[in-house]
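The values are calculated or read from the model by the stated rules, or taken from the named source; none is laboratory data. The structure presented is a predicted model; accordingly, all values stated were derived computationally and were not measured. Neighbour counts run over all protein chains shown; Cβ positions are idealised from the backbone, glycine included. For the accessible areas, the whole protein counts, side chains as well, though only heavy atoms, and no ligand, DNA or RNA atoms are used. Shrake-Rupley method; radii C 1.70, N 1.55, O 1.52, S 1.80 Å.
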Amino acid sequence: MILVRWFSSLVRQTGAGLRLLLVLTVVTGVLYPLAVWGVSRAPGLVGKAEGSVVRAGGRPVGSALIGVDLTAADPAHDPWFHTRPSASANDPLGPGDPSTSGGSNLAADNAKLVDLVRKRRAAIADREGVPEAAVPVDAVTASASGVDPDISPAYADLQVARVARVNGLPEQVVRQIVDGHVRGRVLGVLGEPAVNVLDLNLAVRQAVQH
Amino acid sequence: MRADVFVAAEAPVMTDIVAGLAQVGLLVVALAVVYRPFGGYLAHVFTTEKHWRVEQAIYRLVRVNPDSEQRWPTYAAGVLGFGFVSALLLYLIQRFQPLLPLNFGRSIPPGMAFNTAVSFTTNTNWQSYVPEQVMGDTVAMAGLTVQNFVSAAMGMAVAVAVIRGFVRFRTDRLGNVWVDLTRATVRILLPISFAFAIVLVGLGAAMSLRSGVSVTGLDGAQHTIALAPSASEEAIKELGTNGGGIFNANSAHPFENPNAWSNLVEIFLLLVIPVSLTRTVGVMVGNPRQGHVLLGVMAVFWTGILTVTWWAEAHPNGPAARLAGAAMEGKETRFGIPSSTLFATSTTGTSTGAVNSMHDSYSGLGGAGPLFHMLLGEISPGGVGTGVYGILVLAIIAVFLAGLMVGRTPEYLGKKLGRREVTFASISILAMPLLVLVGTGLALALPAVTGSSLTNSGAHGLSEVLYAYTSTANNNGSAFAGLTVTNDFYQSTLGIAMVFGRFVPILATLALAGSLAAQRKVPETAGTLPTTGPLFATMLTGAALLVAALTFVPALALGPIAEALA
């Protein structure tokens, strides 16, 4: 008897719940996101809302927040600063796919990851002409997002000599570009020092053109 | 700018630790500043008799009388019924996505739609799908975001009903579930989410109704960069301890969490309601120190797990991490180890489950931290609402154990704890371990299911499965994401773990609240165990540890502990 009464109250409550759900769907599922979207159309916000797209020569060349590795036409003459490895890339190094995202989820005791790290270290040491021990950790590990826009100042420093040589720039100029683009920790304490790779490559290209 | 780097080069480890500690300090200060006013505001929201105009309009529209209160079975019927229609509607919205606007040609198969419907209505936000590939904007906004609001609001409603059980006497009424749900949404979650969504856009988070933008890289290669209405989802995803990302990489994706500022803001958002609700308990029971004890215990666990996880990730033992030089696989450059482990600790201590680094790539001990944090039952500080009722139930167990030791009738917050109360408390606590251990055991006993689903093998592979059932039964939603969970076995069993992990404790806790509210007040005597001092805090900590350790040590020994000792 008690159960029957409870069941009828369950039905009644479910009806009220459904009506409230529909109202709240309009409020939180339509009005709320559209209001945020509307505000994000404001000048100063809309560029960020639409993906912080960076243009060069009028053409969109990427997003300031999304790292996609650049490929050299001739690997022996590689003019680019490179991003971190991406789990969505087909090769140990090489461009990831920014239409998706994610990490490798490989554990530190996974033989596949050991092998990947070894291959990346060898390839980068070879590319930069440095001993393998000089290759920093972020250069050989895939990021969490697969589209990490940043590298460590150490990895940027490692690439300076090659980028300067291949682009025909004095090393001093490229070093200044890197130094000028290193972001310290926010307020001195939040996050880690980092350099945006797209910024570096754009600055180098500009230096070459001048 | 350059000077920082030279300093870092001279003493990188020290700077890392000092900066990381300062960041933790900043977070704690921010929470401390809002604790009293916000906790008080939450109490006001759920105790005032005045309705807002917009709320009155809503009540008229859905035909409920906001001034009538409900008995616990009716309140529970409301929670269950609302959960049922929520899951049903969300399932249908997903299945009918091809007919909805902004679907980008994407569709969602039935098993995935079921799992996701359950996942978002239970405040879990476990994701068995890649959002960029299957979710369009209408499902994300009118389906998933709605549940991000209302499942969090429902958590708060249940928490408040339980607190009313303690503060009311000789009544069978616990409040009105529709009023509590509406107020939690309209007065708390909506305004804060709106403000912080705008802040996040300002910091760089995307808020676009386009599916992507085409770019031609400097090397001439064509790419499509995925876009989404990220900021509005991100704010409520953290504030409501939901955790479901609009990108596969979740809060590691730069469009969800663009920099160290947004990272700290998001960690603050996911902690602020569960932490402040302990103040709400204090205000409503008329003694803020009762809330301080609960907060103290939460803080002890949170600090302990943060310390272990941070240390473990800074000293990884896996061969790949040692070869690379540090544990940066699955972590973002802008966050590094300290900001990643701070996020991991906070997201698993609350039932959020958002991630800014990939937990599956953590070291044995580093992954054990977040895992054990969930196994404590999501109480440090727990999900929105669920955390505070979770720890109140544990407090009842602690008082009961203490009463057994000294041979007195146990009392807590002016109520006697008899057989009925302790039975309901036990059911509430034991549902989760049962689901975790049975689910994990079943999956491991079926090599046809498990074998092909693992990314990593050995002890770490076992951890992947254990983590999945732990995360779903605790309604957390984070993952050792190497586990492929798209087969029917995982979609259904993990879905079941989410449903029972959410609603069994809610039903038991509401029954407990009903039985407490019916009692008269027990006057405090010399024989009453004081529940405001360090002694009780220690006992409560011990009770939580005891339940988790006794239940899970064998499973943990086979997984993360074995890996940590390797």
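Summed over the residues of chain B and divided among them, the accessible surface reaches 33 Å² per residue at a probe radius of 1.4 Å.
Axis of helix B:72-95 versus longest Cα principal axis of chain B: the two differ by about 20°, to the nearest ten degrees. Basic side chains Lys and Arg get +1 at the Cβ, acidic Asp and Glu get -1 at the Cβ, and with that the dipole of the range B:389-565 about its Cα centre reaches some 760 debye.
Is the shape of the range A:139-199 rounded, prolate or oblate, going by the alpha carbon gyration tensor and its root eigenvalues a ≥ b ≥ c, with a/c under 1.5 for rounded and a/b larger than b/c for prolate? The shape class here is oblate.
Compute the separation of the alpha-carbon centres of the range A:15-62 and the range A:99-173 and state it in Å as a whole number. The distance from the Cα centre of the range A:15-62 to that of the range A:99-173 comes to 35 Å. Surface composition of the range A:81-160: carbon plus sulfur atoms hold 51% of the accessible area, using a 1.4 angstrom probe and ignoring ligands, DNA and RNA. Using the average count of surrounding beta-carbon atoms within 10 Å as a protection proxy, the listed peptides B:548-555, B:261-268, B:513-520 rank, highest first, as B:261-268, B:513-520, B:548-555. Computed over the range B:376-528, the quotient of the alpha carbon radius of gyration and 2.2 N^0.38 Å is 1.27. A convex hull fitted to the Cα coordinates of the range B:35-186 yields 138 cubic angstrom per residue. With the cut-off at under 11 Å, measuring from each backbone N in the range A:68-94 to a point 7 Å along the Cα-to-Cβ line of A:ASN167 picks out A:79-82.
Split the accessible area of the range B:389-565 by element, probe 1.4 Å, and carbon with sulfur accounts for 71%.
List the trypsin sites (Lys or Arg not before Pro) within the range B:173-214 that DSSP assigns to loop and that have no more than 15 neighbouring Cβ atoms inside 10 Å.
Details: sites: B:ARG173, B:ARG183, B:ARG187, B:ARG210; in loops: B:ARG173, B:ARG210.
Qualifying residues, ordered by number: B:ARG210.
Mean per-residue shielding of peptide B:334-342 is 5, counting Cβ atoms of other chains within 10 Å of each Cβ.
In the range A:75-150, the ratio of gyration radius to Kirkwood radius, Rg to Rh, stands at 0.95 when only Cα atoms are counted. On a C-alpha basis, how far is the centre of the range B:423-459 from the centre of the range B:245-266 in Å? Whole number, if you could? Result: 30 Å between the Cα centres.
Relative to the current alpha-carbon distance between B:ALA195 and B:LEU546, full extension at 0.36 nm per residue lengthens the span by 122.3 nm.
Rolled with a 1.4 Å probe across the full set of protein chains, the surface gives A:LYS119 an accessible area near 110 Å². Annotation: aspartates and glutamates with alpha-carbon distance below 19 angstrom to A:LYS119 (same-chain offsets under eight excluded): A:ASP69, A:ASP78, A:ASP91, A:ASP109, A:GLU128, A:GLU132, A:ASP138, B:GLU329.
Coupling constants for the range B:238-246 follow from the phi torsions by the Karplus curve (6.51 cos²θ - 1.76 cosθ + 1.60, θ = phi - 60°), and in residue order they are 7, 4, x, 6, 8, x, x, x, 8 Hz; glycine and proline get x.
Please compute the average number of Cβ atoms from other chains found within 10 Å of each residue's Cβ in peptide B:195-202.
4
Rounded to the nearest 20 debye, the dipole magnitude of the range A:56-209 is 120 debye, with +1 charges on Lys and Arg beta carbons, -1 on Asp and Glu beta carbons, and the Cα centre as origin.
Backbone amide hydrogens, once placed in the peptide plane, bring B:GLU378 within less than 5 Å of nothing, excluding anything fewer than 5 places away on its chain. Phi-derived couplings, Karplus 6.51 cos²θ - 1.76 cosθ + 1.60 at θ = phi - 60°, listed residue by residue for the range A:100-112: 9, 7, x, x, 7, 6, 7, 7, 5, 9, 7, 4, 4 Hz, with x used for Gly and Pro. Taking a ≥ b ≥ c as the square roots of the eigenvalues of the Cα gyration tensor, the range B:153-261 is prolate, since a/c reaches 1.5 or more and a/b is larger than b/c. For the range A:2-46, the Kirkwood estimate of hydrodynamic radius, built from reciprocal distances between every pair of different alpha carbons, is 13.0 Å.
Residues whose amide H comes within less than 5 Å of that of B:LYS416, counting only those at least five positions distant or on another chain, are B:VAL522 (H built at 1.01 Å from N in the peptide plane).
Averaging the inverse of every distinct alpha carbon separation and then flipping it gives the Kirkwood radius. What is it for the range B:101-150, in angstrom units?
About 11.0 Å, per the Kirkwood formula over Cα pairs.
The residue list B:THR241, B:VAL422, B:THR352 was ranked by how far each Cα lies along the charge dipole of the protein assembly as shown toward its positive end, using unit charges on Cβ atoms, and B:VAL422 comes out on top. Sorted largest first, the principal axis extents computed over the alpha-carbon atoms of the protein assembly as shown equal 86, 54, 52 Å. If you take the square roots of the eigenvalues of the alpha-carbon gyration tensor of the range B:442-566 and sort them as a ≥ b ≥ c, do you get rounded (a/c under 1.5), prolate (a/b over b/c) or oblate? Here the range B:442-566 falls in the oblate category. Normalised by 2.2 N^0.38 Å, where N is the number of residues, the alpha-carbon radius of gyration of the range A:54-198 equals 1.04. Remark on B:GLY136: its backbone amide H falls under 5 Å from none of the residues 5 or more positions apart or on other chains, H modelled at 1.01 Å from N.
Work out the mean other chain Cβ neighbour count within 10 Å for the residues of B:76-83 and drop it here as an integer.
6
Roughly how tilted is helix B:336-349, in degrees to the nearest 10 and between 0 and 90, from the longest Cα axis of chain B? Result, in degrees: 30. Listed by chain and number, the lysines whose alpha-carbon sits under 27 Å from that of B:LYS416, ignoring those within fewer than 8 places in the same chain, are B:LYS521.
About the centre of its Cα atoms, the protein assembly as shown shows a dipole size close to 2960 debye [charges on the beta carbon of Lys, Arg (+1) and Asp, Glu (-1) only; nearest 20 debye].
If you take the Cα centroid of the range B:474-517 and the Cα centroid of the range B:27-70, the two points sit 27 Å apart.
Near B:ASN148, once Lys and Arg are set to +1 and Asp and Glu to -1 for all other residues with Cβ below 12 Å from its Cβ, the sum equals -2. Cross-link pairs exceeding 31 Å between alpha carbons, from the set B:LYS237/B:LYS415; A:LYS48/B:LYS50; A:LYS48/B:LYS331: B:LYS237/B:LYS415; A:LYS48/B:LYS50.
In this simple spin-label model, placing a label point 7 Å from the Cα along the Cα-to-Cβ direction at both B:LEU26 and B:ARG520 gives a separation of 5.6 nm. Summed over both chains, the contact between B and A buries some 8600 Å² of accessible surface at a probe radius of 1.4 Å.
Near B:ARG63, once Lys and Arg are set to +1 and Asp and Glu to -1 for all other residues with Cβ below 11 Å from its Cβ, the sum equals +3. When Rg and the Kirkwood Rh are both derived from Cα coordinates, the Rg/Rh ratio for the range B:336-419 amounts to 1.17. Geometric descriptor of the range B:288-438, per residue, is 135 Å³ (volume of the convex hull of the Cα atoms). The angle between the Cα long axis of helix A:2-26 and the main principal axis of chain A comes to about 50°, on a 0 to 90 degree scale. The phi torsions of the range B:451-459, fed into the Karplus equation with coefficients 6.51, -1.76 and 1.60 and a -60° offset, translate into couplings of x, 7, 8, 8, 8, 10, 10, x, 4 Hz, rounded to whole numbers, with Gly and Pro shown as x.
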